[in-house]
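Have a look at the structure below, then the notes.
Just so it is clear, none of the values below were taken in a lab; they were calculated from the coordinates. Keep in mind it's a predicted model, so treat the numbers as computed, not measured. With ideal geometry, Cβ positions are generated from the backbone for all residues, glycine too; neighbour counts draw on all protein chains shown.
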Amino acid sequence: MRILPALLVAACVFAQKQPFDVAALMRLSRISEPQLSPDGKLVAFTVQTIDLEKNTRPKQIYIVGANGGFPRQITHDGTDNERPRWSPDSRQIFYVSNRGGATQVWRMDADGGNAAQVTHLSSEASGILISPDGKKIVLLSNVYPECGADDACNQHQIKVDAESKVKARIYTSLLYRHWNEWESHRRQHILAVNIDGANPVDLTPGLRDVPPFSLGGPDDYAISPDSSEVAFATNTDPNLATSTNSDIYTVPITGGDAKKISTSPGADLTPVYSPDGKYLAFRSQARAGYESDRWRLMICERATGKITSLTDSLDRWVENMTWSPDSTRLFFTVEDRGRTGLQMISISGGGIRNIISGDSSLDEVQFNSDGNFLIYTEETGSRPAEIFRASSAGGSGVALTHLNDSILLSSSLRPLDEFSVESSDKTRVHVFELKPPGFSPSRKYPVLFLIHGGPQGAWGETWSYRWNAQVFASAGYLVEMPNPRGSTGYGQKFIDDINGDWGGKVYDDIMAVVDHVSALPYADPERMAAAGGSFGGYMIDWMLGHTQRFKAMVSHDGVYDLRSMAGATEELWFPLWEFKGMPWENPDLYAKWSPSSFVQNFKTPTLVFHGQLDYRVPLGQGLQLFTALQMQKVPSKLVVFPDEGHWVLKPQNSVLWYNQFLEWIGEWVKKP
């Protein structure tokens, strides 16, 4: 009888759970950038929160004990504090902050005390690394190529540009804009400064952005263990708009001539030195011009220059990687069927060993100096990222942070289910499904199909602040997330099957899923909607012309007209690969797979979202789609965000996006 009150309390708590709506989504703490201190005692990390009233996304730095404990915020000034990096003695944390009015390098004690600004570069600073000997800071800075690390020169040129009454942009080569920015006179270079911020040296002089302006990211440079050199990735091909051929180079940390290390005609990125300095690992793609080729794990023996591929037998992409402290093994994350786990291989090759796996996605793995434990971030489709610790000997990870527990426990969240169906050519297509809160198999629910972007991407056991399936399910929808041809995590052939075939096998795969779901006893085939962004938006536009099985559709930044898209997008290697040339070289293929060729069949009510600053899928694609819908007298709505690019990032815009999305499909799917 004593158990009964506890059961009643548990039932009461369950009954009080609220739908996980966009308001709950906005209250979550977004954890990233964990950094284990060299002595293995503390983890510094970044937390981004949402301030809806100010319409901002402030970032602050926290610390937590590597053995657990209560996380503590250690920065408070400024709205953007990120990229924490430890001093070699674990006594100080260097970080990037705007607390002084410009983005610069700062340092503070491990408890957050004695904060002081380190750099005062007019070209600002980001992406810091601290040299192992504690004497140098390597950073990124947007300099004028003719100035390099000469700060007085950069300061003068910034002033000249700011005071100029002429704002015209003049170009004589391609890749003149990217994602949501126009190319300016400035270039992102790697600089090295003394630990006190003095004596900056430009390590990558010239007219190129380093890391590569296109494929590169924040981890595409590294400092050698002896602090003598920096490895970095850059693309030196003449036409950056048509080339993915980034290569790995090394340069003395004091400046000088760069030496090319890699040789692949495809992309080479993410250099990581072995702790003993004998090897340089990196990721490589074999095929030129194909950004979605298989990422292989390579090692370069520094003494001889010999390069070896360690993962030729692995039909999956190598992603985040780290060395074992003894330099004998490499650990790397791999996406497989919607999960991302940790695997390991010896530098001498051989079999690949699975280290951590499960219904989750891991990232940002780091070992302590003794190699007896590791930390990482982990997330699922029902839980955002938190920081975990696990023994290197194996076993389950233990969460070090619980910043979102209270919100998650008070919300109606469900785990993802999954199934697979057979497509028209007998290929198996994997699907994640999310049932609404309070699901009853005896009821029939309206269905929302989500089509992912890429097209070389995937739905999986990951948490998203955009296209959050839990928000959609909490609105009462049965959410279906298919991974058709082109999706990552199912082998390279499965990815390659979309090349030159955008509306073919992919469409067949999706419709096979629709057929299967329509027959489920708890799905209402008369109340179905479909939505997608980027390539997912393309597929919505394609489906508009090829099926009337949906009551409503949502196309976000979708590709509508392939010919005009190729002439206005920036990374031209993409259409060159996917459609085997430009429109004037292969007009039939462009016409065959362009949704604009099938406007006469458009009948489904459609909501069109587009960012005015989207230069990947330019605004004209959304405008043309909306015009076609209106001229065909199809019920439609256009929502343009003047201050957004390919993604909707500003908090109040995001709230509007979710509300408009749910209002639109609710109007057509939920009405009698």
Mean residue ellipticity at 222 nm from the helices of the chain, using -39,500 (n - 2.57) per DSSP H segment of n ≥ 4 over the full residue count, to the nearest 500 deg cm²/dmol? -5000 deg cm²/dmol
I want the antiparallel fraction of DSSP beta bridges within segment 414-670, as a percent rounded to 5. 30
How far apart, in nanometres, would the label points at residue 166 and residue 102 be if each is projected 7 angstrom from Cα along the Cα-to-Cβ direction? 2.6
Out of 211, 281, 514 - ranked by how far each Cα lies towards the positive end of the dipole of the chain, with unit charges on the beta-carbon of charged residues - the top one is 514
So how strong a dipole does segment 414-670 carry about its Cα centre when Lys and Arg Cβ are +1 and Asp and Glu Cβ are -1, to the nearest 20 debye? 660
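Quick one: grab the alpha carbon gyration tensor of segment 88-146, order the square roots of its eigenvalues as a ≥ b ≥ c, and give me rounded if a/c is under 1.5, else prolate or oblate depending on whether a/b is larger than b/c.
Values: a/c = 3.07, a/b = 1.43, b/c = 2.15.
Since a/c reaches 1.5 but b/c is at least a/b, the shape of segment 88-146 is classed as oblate.
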Cα-projected label distance for residue 623 with residue 257, points at 7 Å along beta-carbon direction, nm: 5.1
Report which label in (i) 211; (ii) 176; (iii) 201 holds the value of volume of the Cα convex hull per residue in Å³ derived from the coordinates of this structure. (ii)
Extent along principal axes [Cα atoms of segment 419-502; Å; largest to smallest]: 41, 29, 19
For residue 493, list the lysines whose Cα falls under 25 Å from its own Cα; do not include residues on the same chain fewer than 8 positions away. 426, 505, 580, 592
Quick one: Cα centre-to-centre distance for segment 626-672 and segment 143-161, in angstrom? 43
Find the centroid of the Cα atoms in segment 547-563 and in segment 468-539, then give the distance between the two in whole Å. 13
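DSSP loop (so not H, G, I, E, B), at most 16 other Cβ within 10 Å: list which trypsin sites (Lys or Arg not before Pro) in segment 59-93 pass both filters.
For trypsin sites (Lys or Arg not before Pro) across segment 59-93 that sit outside H, G, I, E and B with at most 16 neighbouring Cβ atoms in 10 Å, the list reads 91.
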Please state the relative contact order of the chain as a whole percent: Cα pairs under 8 Å, 6+ residues apart? 10
Please report the base-10 log of the normalised intensity I(q)/I(0) for segment 414-670, using a Debye sum with one equal scatterer per alpha carbon and no solvent, at each q in 0.07, 0.08, 0.17 (1/Å). -0.21, -0.28, -1.41
Highest-first arrangement of 615-621, 202-208, where packing means the average Cβ count within 10 Å: 615-621, 202-208
Might you report the magnitude of the Cβ-based charge dipole of the chain about its Cα centre, with Lys and Arg at +1 and Asp and Glu at -1, to the nearest 20 debye? 1340
Have a look at segment 81-206 and give its Rg and Dmax from the Cα atoms, expressed in angstrom. 16.1, 51
Say the dipole of the chain comes from +1 at the beta carbon of Lys and Arg and -1 at that of Asp and Glu; which of 35, 484, 617 then lies farthest toward its positive end? 484
Per the charge dipole of segment 168-273 (beta-carbon charges, Lys/Arg positive, Asp/Glu negative, Cα centre), the residue among 194, 240, 168 reaching farthest to the positive end is 168
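With a ≥ b ≥ c the root eigenvalues of the C-alpha gyration tensor of segment 251-373, is it rounded (a/c under 1.5), prolate (a/b larger than b/c) or oblate? Write out the running numbers ahead of the final one.
Details: a/c = 1.84, a/b = 1.23, b/c = 1.50.
Verdict is oblate for segment 251-373.
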Could you list log10 I(q)/I(0) for segment 177-303 at q = 0.16, 0.18, 0.19 Å⁻¹, which the Debye formula gives when each Cα is one point scatterer? -0.79, -0.98, -1.08
Just for the chain, what percent of DSSP beta bridges are antiparallel, to the closest 5? 80
Fewest to most Cβ atoms within 10 Å: 26, 539, 298 sort as 26, 298, 539
Tell me, how many Å apart are the Cα centres for segment 366-393 and for segment 281-330? 22
Does anyone have the angle between helix 151-163 and the longest principal axis of the chain? Alpha-carbon axes, 0 to 90°, nearest 10? 40
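Just the projected area, averaged over all directions, of the convex hull on the alpha carbon atoms of segment 30-99: how many nm²?
Details: hull surface 18.8 nm².
Mean shadow area of the hull around the Cα atoms is 4.7 nm².
Between rounded, prolate and oblate, where does segment 615-672 land on the alpha carbon gyration tensor, with a ≥ b ≥ c its root eigenvalues, rounded for a/c under 1.5, else prolate if a/b exceeds b/c? Walk me through the numbers on the way to the answer.
Values: a/c = 3.14, a/b = 1.14, b/c = 2.76.
Verdict is oblate for segment 615-672.
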At residue 150 and residue 638, where each label point lies 7 Å from the Cα along Cα→Cβ, what is the point-to-point distance in nanometres? 4.9
